[in-house]
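What follows is a set of notes on a single structure, which appears directly below.
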Amino acid sequence: MRKVAQNADRKVLTSAAVTATAIAVLASVGLSMDNSPPEAPDITPLAESAPHTPVVTESPVTSENEPAPSDEPAPAPDDPGAAHIQPATIPDGPLGIPGIALDAYHRATDRLSAEQPACEMDWTVLAGIGQVESNQGRGKFDVHGNTIGRIVGPRLDGSIPGTAVITDTDGGRFDGDADFDRAVGPVQFIPSTWALLGRDGNDDGVADPNNIYDGALAAATLLCNQGGSMADPAARTRAILAYNNSLAYVANVNAWAHGYAVNAFPLPSDLPPIHQPKPTHEEPKPPEKCPEGWEGTPTAAPEPAEPGQPEGPVPGCTEVPGSSTPPPPEPPPSTPEPSAPPVVEVPAPPAPPAPFALPEIELPCIAPFCPPPPA
């Protein structure tokens with residue numbers, strides 16, 4: 001019995017020794033358990049990466065000549081507006097407004113709400129201006145908000161009635177015209193006005209009217225600088241008139257702003273024509289030749305004559321000596337005065353016929369309705 005117990009003790013000691021040896025081996029190779037959380041992957045969030053700074057040239061920057069961005073992300077600018085996201089990923093907004101334009105209007109509204117809270121800027125007002133001015137830049141923007149292709153208004157050289165004459169103020173930098181200014185960009189700023197009110201809306205260090213972010217912020221600033229709140233119809237009308245002095249323009253902007261707010265196209269009756277051409281007066285052309293008995297070259301049309309009077313002389317024509325002056329045209333025959341209509345005697349109506357007398361017929365007496373015979 002003692003021998004069996006000794007064998008059992010020997011087996012226990014052997015197992016313990018093997019276990020201790022295994023622990024020592026593991027400790028020698030440095031194997032240990034790490035319960036600390038894993039490190040976060042080195043990924044820069046998209047919202048924190050700043051867009052590449054476009055180079056301003058005479059034509060807006062497009063995606064074809066865009067240099068590659070640097071590896072080091074620029075610090076996020078201090079912008080109280082919407083988050084910095086790639087506009088290309090923004091879906092279209094109400095009534096098909098381009099997503100990048102919608103983002104620009106929201107960011108400009110947020111910026112003005114921080115700078116001038118009393119203005120109560122509404123993004124739909126900016127969207128209305130963008131729609132009326134350029135049909136939202138025709139929906140063609142690159143990822144930085146630059147219009148693809150320059151959008152310019154008519155040349156301000158006085159050739160169009162009702163337009164001012166503004167000689168070049170930007171050397172053709174924005175409008176491509178070195179002689180006269182033109183309204184530029186999706187919200188149509190004149191370069192001379194842009195020199196005073198232009199702003200950098202996308203924080204790339206350049207204020208460019210061909211950029212929807214810059215134009216939207218400048219437009220919002222111009223409106224709010226007129227004083228009052230955009231929620232007040234009178235103040236809003238005054239502000240939009242400062243943008244374009246036309247009540248028809250105000251009606252169009254307000255109609256589109258309401259349409260964007262409710263996602264419904266405005267009615268045609270809510271969009272009066274804005275640019276009405278002024279009527280032109282065309283002078284009457286001179287006759288091809290002088291009348292008979294006159295010589296020379298007609299230079300103008302004769303003065304209109306009074307009714308029933310002969311025409312006056314034709315300017316540029318002189319009467320040939322000895323020629324008989326043609327008699328003046330006979331006045332039109334006078335219309336005889338209408339004579340009194342003849343009196344027509346109307347015969348008196350015939351006398352009505354005498355009433356027809358019915359014959360008296362005595363019927364026989366039928367008993368018991370007969371009267372009693374006389375006594």
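Each eigenvalue of the Cα gyration tensor of segment 108-196, multiplied by 5 and square-rooted, gives one semi-axis; in descending order these are 26, 16, 13 Å. Each peptide among 131-141, 155-165 gets the average number of other Cβ atoms lying within 10 Å of its residues, and from highest to lowest they stand as 131-141, 155-165. Here the simple spin-label model places points 7 Å from the Cα toward Cβ, and for R173 and A114 these points are separated by 2.6 nm. E115 contributes an accessible area of around 90 Å² to the protein surface, as traced by a 1.4 Å probe with all chains present. Rolling a 1.4 Å probe over the protein heavy atoms gives segment 89-152 an accessible area of 36 Å² per residue.
Expected output is a single nm value to one decimal: the length gained when fully extending between R150 and H258, i.e. 0.36 nm times separation in residues minus the C-alpha distance. What is it?
The span from R150 to H258 would gain 36.0 nm if fully extended.
In a fully extended conformation the segment linking D157 and D270 would gain 37.5 nm over its present Cα-Cα distance, using 0.36 nm per residue. On segment 123-177, 51 percent of the accessible area sits on carbon and sulfur atoms, based on a 1.4 Å probe.
Evaluate E = 1/(1 + (r/R0)^6) for R238 and V143, where r is the Cβ-Cβ distance and R0 equals 30 Å; express this FRET efficiency to the nearest 0.05. Approximately 0.25, to the nearest 0.05.
The values are calculated or read from the model by the stated rules, or taken from the named source; none is laboratory data. All figures in this text were calculated on a predicted structure; none of them were measured in a lab. Neighbour counts run over all protein chains shown; Cβ positions are idealised from the backbone, glycine included. Just the protein is used for accessible areas: all its heavy atoms, side chains included, with ligands, DNA and RNA removed. Shrake-Rupley method; radii C 1.70, N 1.55, O 1.52, S 1.80 Å.
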